[in-house]
1. Compute the FRET efficiency between residue 164 and residue 350 as 1/(1 + (r/R0)^6), taking r as their Cβ-Cβ distance and R0 = 51 Å, and round to the nearest 0.05.
2. Could you give the length gained by full extension between residue 578 and residue 446, i.e. 0.36 nm per residue of separation minus their alpha carbon distance, to one decimal place?
3. Project the alpha carbons of the range 332-584 onto their principal axes and report the range along each, largest first, in whole Å.
4. Compute the FRET efficiency between residue 32 and residue 83 as 1/(1 + (r/R0)^6), taking r as their Cβ-Cβ distance and R0 = 35 Å, and round to the nearest 0.05.
5. Pop out the ³J(HN,Hα) list for the range 501-517 in order, Karplus 6.51 cos²θ - 1.76 cosθ + 1.60 with θ = phi - 60°, rounded to Hz; leave Gly and Pro as x.
6. Just list whichever of 393/573; 440/486; 354/573; 393/443; 486/528; 393/440 have alpha carbons separated by over 18 Å in the model shown.
7. Just grab the label-to-label distance for residue 90 and residue 384, each label 7 Å out from Cα along the Cβ direction, in nm (one decimal).
8. Using the Karplus curve 6.51 cos²θ - 1.76 cosθ + 1.60 with θ = phi - 60°, work out ³J(HN,Hα) for each residue of the range 69-83 in order, rounded to whole Hz, and write x for Gly and Pro.
Amino acid sequence: MPLFRPLRALGFLAACLLLPVMVVPASAKVPDDIRAALMGRGHALLIGVGLYKDSAWTPLPSVSDDVAVLHNSLAPHFATVETLLNPTAEALFTKLREFLLGKWNRSDERLLVYYAGHGFTDFNQYSRIDMGYITGSDTPGYMNGWDGAVANAISFQDIDALNRETRVRQVIMLFDSCFSGSLFSTRSGNVKATHYDYERARDALSEPVRYYITAGGPTETIPAVSPFADLVARGLRGDADFYHDGFITGEELGQYLQRYIPVYTDQSLHPLKGPIFDTKLSEGEFIFMAGLAAAASFPTTDALIKGPATYKPATPAVIPVPRTLTDHTGYVDSVAFSPDGRTLASGDFDDTIKLWDVTSGQLLHTLINHGRYVISVAFSPDGRMLASGNANKTIKLWDAPSGQLLHTLTLTGPTNEDNEVRSVAFSPDGSTLASGSWDKTVKLWDVTSGRLLRTLTDHAEVNSVAFSPDGRTLASGNGNYDTTVKIWDATSGQLLRALIGHTASVLSVAFSPDGRTLASGSQDDTIKLWDATSGRLLRTLTALTGPPDGVNSIAFSPDGRTLASGSQDMTVKLWDVAAITEASR
């Protein structure tokens, strides 16, 4: 057995992202005692390692710029902001000990630590774990031998131990490097950020917490020039204040970075966030006051452009929404265009289906479903039939022009959430209906007789199904612990490929009319556009601007130029995706 495994992840660092200055002042209504607890209190330590003695490590000249951006951004939040550039590994660890266990080691303090530099992982064959490390300027290149690098680097186990030893009430740590290691106690669960009223904010500030945010996942390589530092600064200016309550929690900042880092890097990155795995040290919440940074403290666009390490971000994939349809009184859980593109159907949690005129936005019909609530809707290829999947283990077929109920198909088993029909889709010839449910199966039905034709297994809970335009393949979006999109042979039932990229349940899938693009919407608040043939990720769209809710349903217009999305913010959004998909191929 080899003594070590090949290098799995190298961490590279951030530089300056060109972002518009958007200053959002903190709420004037925030009580004085909370403002006093959040403004100019506590201490921050910013560590950047961009120059290495070993040429095996790539120089990171933008690190000093990132540290400067964060220094200016954090100055209004903390009493002191220290910077440490290009320390040796010993000096880095000594400074961390001094910062956490020395002069600020008091119960009423709040501390922030930021690190930008190279990172690596090393597999220990005896403990059977991948250990993550950050590096100093004198750390030997890992690619030249694991022993020298491990002996002169700081493990996340060491950092975890310092966080448990310090008596400081609250600590948040931000790492702009890529790493792995099970002993670094982070998690990237799908916990939504919480709205804090003033009493809850007071309680959260009085309890201990150790919170971590990273720029990427355990096996992901971060770009040498990344937007992490600039997005942190932008988030603290107010963009991460999802609830507009004047507060930005560590959870909100982490979710903001999870949402926008993939957009500004054009990479499938998965930032991690979460408190330490210790119930006693995760009772509180690290909170920032929104909008304290001054606009003048940030570099201008011109100044950034002149720098040799300037980051020129990809065009953000947030597309203007031309129209919003607002007659629903419950969460919109499904949308579908009619084949001629003139009608849009949307189903919601108030047990109704609404049919809209796409051109005018006028409401045409409201269908009362009597199925507890509507989870999925789909038009037949000729546009005369509408299928709805419901929470009471039924599928209903409607006459679309009149709204009359035609047939009801029923799943076997008890009526509970495991038999909820989460998605329905007609085959291109209209003879077969596919349904996906939380019983972990996809079922194929004969539309005329209602007979069950085939059951596809090997799923997690199935949230969405879609036929390709030629009817030869079927896509399914999975939930719970399997966040993949799966593509099946519709005739044989064989699994062809699994698409990996989302960080939470895949709630919806849809093929473009030409069959070249597959779109998927997720609980992670993104829409991903995939090349349907190769499975390559083309682009990630950020679907929401408010509190994280999830993209429940998506559908292409017949010409493939518009994508509709329905979400738990009770809106339907229309996206122009034609230019994006062509530019990304």
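Each reported figure results from applying straightforward, stated rules to the coordinates on display, with no laboratory input. Nothing here was measured: the structure is a model prediction, and the numbers come from that model. Methodologically, a virtual Cβ is constructed for each residue, glycine included, from the backbone with ideal geometry; neighbour enumeration extends over all protein chains shown.
1. For residue 164 and residue 350, the calculated efficiency is 0.60.
2. Values: separation 132, 0.36 × 132 = 47.52 nm, distance 3.40 nm.
In short, 44.1 nm is gained.
3. Sorted from largest, the Cα extents of the range 332-584 read 43, 43, 35 Å.
4. Numbers: r = 31 Å, r/R0 = 0.88.
Computed FRET efficiency for residue 32 and residue 83 comes out at 0.70.
5. x, 6, 9, 8, 3, 7, 9, 7, 9, 7, 8, 6, x, 7, x, 7, 10
6. Numbers: 393/573 28 Å; 440/486 13 Å; 354/573 15 Å; 393/443 12 Å; 486/528 14 Å; 393/440 13 Å.
In this structure, 393/573 lie more than 18 Å apart at Cα.
7. Rounded to a tenth, the inter-label distance reads 8.5 nm.
8. Values, residue by residue: 4, 5, 4, 5, 5, 8, 3, x, 8, 10, 5, 9, 10, 9, 10 Hz.
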